[in-house]
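> I'd like to ask some things about the structure below.
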Amino acid sequence: MGKKPGATEIAGILRREITKGVLASKDRLPAERILAEKYGVARGTVREALNQLDSEGLVEIRAGSGTYVIYDPAERANAVISNARPLELIDSRFALEPHICRLAVLHATPDDFRKAEDLLSEMEASVSDPVVFSHADTRFHTLLAQTTSNSLLIWIISQINSVRNQEQWAHMRAITLDESIIAQYNKQHRQILNAIRTREPERAATLMKEHLETARLSLTRAAAT
């Protein structure tokens, strides 16, 4: 006879069902008695598992009524995006974009390079227009993600980029994107693209880190004023 699952294991099973949508928002979970019979454990073990999920904000235990799913992935994603700070955006990009450059070295096509050159030209012609520059900048970084053909990475970058639509990001853009910093970003963008084109993955990743460090320093200085 196999080992009975503990509360943490049962919570993990239910957590996966909730986050994958098998148990949707507002669904009522089976009663403790039924779950206990299903997993072959005591009701106290099930209760402990449900308490774990309740503390994580995935379910709500309603006395006399039952346990209901309150996790809504769309609402949670929107809340994260609407509350994200510009520095959180940069830190998230640090975690992803250097490796995206490595993958771009492997997968970028001549057509990708043509599109990237067009975006670089647009950014270099927009030194005095931070709004136009910012839009082209977003498209440039999105293009790098798209060269990987990794749908999950592309989606994550799209979520990160959506933070740029928030009001506080627009404010930071207004006070950080002067002609000097835009010119520096343009130089860095071209260096990154050249390293990808010459198939130098670690150089491309290092250049991306330096570019993001420049952006982070600019935001930190602006936040301190």
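Coordinate-derived values only; no laboratory data. These numbers come from a predicted model, not from an experiment. Counting neighbours? That spans all protein chains shown, and the Cβs are built from the backbone with ideal geometry, glycine included.
> Counting other beta carbons within 10 Å of each residue's own, what order do 59, 22 fall into, fewest first? Before the final figure, lay out each step's value.
Numbers: 59 26, 22 11.
In increasing order of surrounding Cβ atoms, one gets 22, 59.
> Step through the residues of region 175-190 one at a time and calculate ³J(HN,Hα) from phi using the Karplus curve (6.51 cos²θ - 1.76 cosθ + 1.60, θ = phi - 60°), rounding each to whole Hz and writing x for Gly and Pro.
Result, rounded to whole Hz: 9, 10, 8, 8, 4, 5, 6, 5, 4, 5, 4, 4, 4, 5, 4, 5.
> Under 8 Å for C-alpha pairs, at least 6 residues apart: give me the relative contact order for region 76-224, rounded to a whole percent. Don't skip to the answer; put the middle values down first.
Numbers: 146 pairs, mean separation 57.8, N = 149.
Here the relative contact order equals 39 percent.
> Another question, if that's okay. Using only Cα atoms, find the angle between the long axis of helix 86-107 and the longest principal axis of the chain, and express it within 0 to 90 degrees, rounded to the nearest 10.
That works out to roughly 70 degrees.
> Continuing with the same structure: Would you kindly calculate the translational diffusion coefficient of the chain, applying Stokes-Einstein with the Kirkwood radius from alpha carbon pairs, for 37 °C and a viscosity of 0.692 mPa s, and quote it in µm² s⁻¹ without decimals?
Approximately 160 µm²/s, per Stokes-Einstein.
> Still on this structure, please answer the following. Treat every Asp and Glu Cβ in the chain as -1 and every Lys and Arg Cβ as +1, leave all other atoms uncharged, and give the resulting dipole magnitude about the Cα centre to the nearest 20 debye. All intermediate terms of the calculation are to be shown ahead of the outcome.
On the way: 29 positive and 29 negative charges, 170 e Å.
Dipole of the chain, to the nearest 20 debye: 820 debye.
> With just the Cα atoms of region 7-71, tell me how far they stretch along each of the three principal axes, in Å, largest first.
26, 25, 19
> While we're looking at this one, here's another question. Kindly express, to the nearest 10 degrees and within the range 0 to 90, the angle between helix 7-19's C-alpha long axis and the longest C-alpha principal axis of the chain.
50
> Can you put 137, 118 in order, fewest other beta carbons within 10 Å first?
Least crowded to most crowded, the residues run 118, 137.
> Given 25, 119, 174, which one lies farthest toward the positive end of the charge dipole of the chain, if we put +1 on the Cβ of every Lys and Arg and -1 on the Cβ of every Asp and Glu?
25
> Region 1-75: which trypsin sites (Lys or Arg not before Pro) are DSSP loop and have at most 15 other beta-carbon atoms within 10 angstrom? Kindly include the intermediate steps, with their values, before the conclusion.
Values: sites: 3, 15, 16, 20, 26, 28, 33, 38, 43, 47, 62; in loops: 3, 20, 26.
Qualifying residues, ordered by number: 3, 20, 26.
> A further question on this structure: Which cross-chain or sequence-distant (5 or more) residues have an amide H under 5 Å from the amide H of residue 67, H modelled 1.01 Å from N in plane?
HN-HN under 5 Å from residue 67: 29, 62.
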